[in-house]
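Student: Submitted below is the structure of interest, expressed as structure tokens.
What follows is calculated from the coordinates using simple rules that are stated; it is not laboratory data. Computed from a prediction, not measured in an experiment: that's the story for all the values here. Virtual Cβ from ideal backbone geometry, glycine too; neighbours counted across all protein chains shown.
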Amino acid sequence: MVETYDVAVLGGGLVGTAIGLGLAGQGLRTAILDEGDVAHRASRGNFALVWVQSKGMGMPRYSSWTRESVRLWPDYAASLREESGIDVSLHQPGGFTLALSEGELERRAANMARLNAQPGFEHLDYEVWDRSQLRQVFPEIGPEVAGAIFCRLDGHVNSLRLFRAQHVVFARRGGAYLPNFQVQEISRLPGGGFRILSGERCIEAGQVVLAAGIGNARLAPMVGLDAPVRPLRGQALVTEKVAPFLSHPIVTLRQTDEGGVMMGDSQEEAGFDEATGLGILGAMADRAARMFPKLGQVNIVRTWSALRVMTKDGFPIYQHSEAAPGAFLTTCHSGVTLAAAHALAVAPMIAGEGLTDALDAFHPRRFHVPAAS
Amino acid sequence: MFQRLPDADDAARRTGIRFTLDGLPAQGFAGDTVAAALLALGRDTCRQTAISGSPRGPYCMMGVCFDCLVVIDGVGNRQGCLVRLREGMVVETQAGKREVGR
């Protein structure tokens, strides 16, 4: 007897569990098929920002989509807490990008102006702060800090607790979590629906949602979807836990709710290599200590790298297969910021009439430049 | 709880080291680490943890467990088992999280 579900979500990271708990919340019998701890799991290595300010250059819709998720986040965090008992420590006090010279500040301000000037871009409120303004919020900034970009929509969470909370809520809503289920084959059933194979194991589901991060590249063609994604390595450091001294997140620097100070945001093309190196780590630590000189005395306790799931243009893909109706693709590199939208907006679409026009901009047809052009 | 071995306790053969512990005068011996001196003084807790505030004391005595954290001469989160006691040292209990710059 083959196990059957209304919908199978392939991938048990932040994207898969957000969509999975949303689908289970719509009353669907939902399974999450997870590769297991051998997976390249971006969800356990990310920087945990819930972030708007710098996003959407080249695709205005990405900025407004991100803002929709950021607006949904407070309710989402509250529902996770209510159903799982886990506080994901959402704080949205506004966030900064610090500039270490007047020139850097001018460049960053010009980028924000260009972002806002794009046709069809929903106006984004941001402020350019000079050094004296910034010292009101961060009295400890170093002498090189010239100023900052501030956007009051920005914030952060504890992303490891978010990951845990999403799994707990999924289970509480009756979802079936199937670990060590590395999908080898997805095939369409004659009467509709899909059969999904992993070694000797097999399940059937009426719908299938690919949320397997980098793994989507391999899985998508099985059901007429298109996921040109590649790994983009990010490295990060975290310090010992220290008493609260950073009231707001900075795009490359944040203090977690438990006190550790994270530094990150590097981007490298390194294939599937998850190594770390002193060159990148040292540069990030150096910039952090120039922003806040007292950080230079604090001990680093861990470093790591993780692989972002990156498209050619850096924007998400949401797609409903035309060749295999009922098969969906969701992939992005902002599984934290977009978690609320995935659970509260995308999942209801998948459970209902399919992806709406609201997600049209994210269709992978945008990568298909006609051969003649 | 801990006692010095009889031959190690022969004060005549060992040099006393005076230091302060949470503002009060204290004494150890040359060759002690800070953590060993605290244990010999009967101080089996030296810090409160960063999140829950529960008490901790020196455990592995070899630099691995990070449970012997103390403030030494104004610098927080020092591993007491890796720092040799020196005359005049100022040792304080590490109360929860270290402060940046201290």
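Student: Among the residues of the range B:64-82, write down those that are touching a residue at least 40 places away in the same chain (Cβ under 8 Å) and either over 16 Å from A:GLU240 (Cβ atoms) or in contact with a Pro (Cβ under 8 Å, 6 or more places away or on another chain) (or both).
Tutor: B:GLY80, B:CYS81
For (1) closer than 30 Å to A:LEU21 by Cβ; (2) surrounded by fewer than 20 Cβ atoms within 10 Å (Cβ to Cβ), each residue gets a yes or a no:
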{"residue": "A:TYR76", "(1), (2)": "yes, no"}
{"residue": "A:ARG81", "(1), (2)": "yes, yes"}
{"residue": "A:PRO93", "(1), (2)": "yes, yes"}
{"residue": "A:ALA99", "(1), (2)": "no, no"}
{"residue": "A:ARG131", "(1), (2)": "no, yes"}
{"residue": "A:LEU134", "(1), (2)": "no, yes"}
{"residue": "A:PHE163", "(1), (2)": "yes, no"}
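Student: Another question, if that's okay. Go over the candidates A:LEU98, A:LEU115, A:LEU134 one by one and state the one that is in a helix (DSSP H, G or I), more than 30 Å from A:LEU33 (Cα to Cα) and touching a residue at least 60 places away in the same chain (Cβ under 8 Å).
Tutor: On inspection, the qualifying residue turns out to be A:LEU115.
Student: Of all the residues that make up the range A:254-299, how many are more than 25 Å from the chain's Cα centre (by Cα) and within 14 Å of chain B (Cβ to nearest Cβ)?
Tutor: Going through the range A:254-299 one residue at a time, the tally reaches 10.
Student: While we're on this one: Among the residues of the range A:316-373, which ones are of a type outside the set (S, T, N, Q), part of a loop (DSSP other than H, G, I, E, B) and either within 13 Å of the chain's Cα centre (by Cα) or under 26 Å from A:ARG41 (Cβ atoms) (or both)?
Tutor: If the condition is that a residue be of a type outside the set (S, T, N, Q), part of a loop (DSSP other than H, G, I, E, B) and either within 13 Å of the chain's Cα centre (by Cα) or under 26 Å from A:ARG41 (Cβ atoms) (or both), then A:PRO316, A:CYS332, A:HIS333, A:GLY335, A:VAL336, A:LEU338, A:LEU355 are the ones that fit.
Student: Test A:ASN116 against the stated conditions and say whether it is under 25 Å from A:ALA339 (Cα atoms), surrounded by fewer than 17 Cβ atoms within 10 Å (Cβ to Cβ), under 23 Å from the mean Cα position of the chain (by Cα) and not small (Gly, Ala, Ser).
Tutor: Spelling it out, A:ASN116 is indeed under 25 Å from A:ALA339 (Cα atoms), surrounded by fewer than 17 Cβ atoms within 10 Å (Cβ to Cβ), under 23 Å from the mean Cα position of the chain (by Cα) and not small (Gly, Ala, Ser).
Student: Can you pull out the residues in the range A:239-253 that are within 19 Å of the chain's Cα centre (by Cα) and within 14 Å of chain B (Cβ to nearest Cβ)?
Tutor: The answer is A:LEU253, and nothing else.
Student: While we're looking at this one, here's another question. State the number of residues belonging to the range B:69-102 that are more than 20 Å from B:GLY31 (Cα to Cα) and either within 14 Å of chain A (Cβ to nearest Cβ) or of a type in the set (D, E, K, R) (or both).
Tutor: The number of residues fulfilling the criteria is 13.
Student: Turning to a different aspect of this structure: For the range A:335-350, check the following and say yes or no: at least one residue is polar (S, T, N, Q), in contact with a strand residue (DSSP E or B) (Cβ under 7 Å, 6 or more places away or on another chain) and surrounded by fewer than 22 Cβ atoms within 10 Å (Cβ to Cβ).
Tutor: no
Student: So, one more: Please tell me if B:ALA50 is within 14 Å of A:GLU240 (Cβ to Cβ), within 11 Å of chain A (Cβ to nearest Cβ) and either touching a strand residue (DSSP E or B) at 6+ places or on another chain (Cβ under 8 Å) or of a type in the set (A, V, I, L, M, F, W, C) (or both).
Tutor: yes
Student: Looking only at residues that are of a type in the set (Ser, Thr, Tyr) and over 23 Å from B:VAL75 (Cα atoms) in the range A:248-282, which one is surrounded by the fewest Cβ atoms within 10 Å (Cβ to Cβ)?
Tutor: A:THR276
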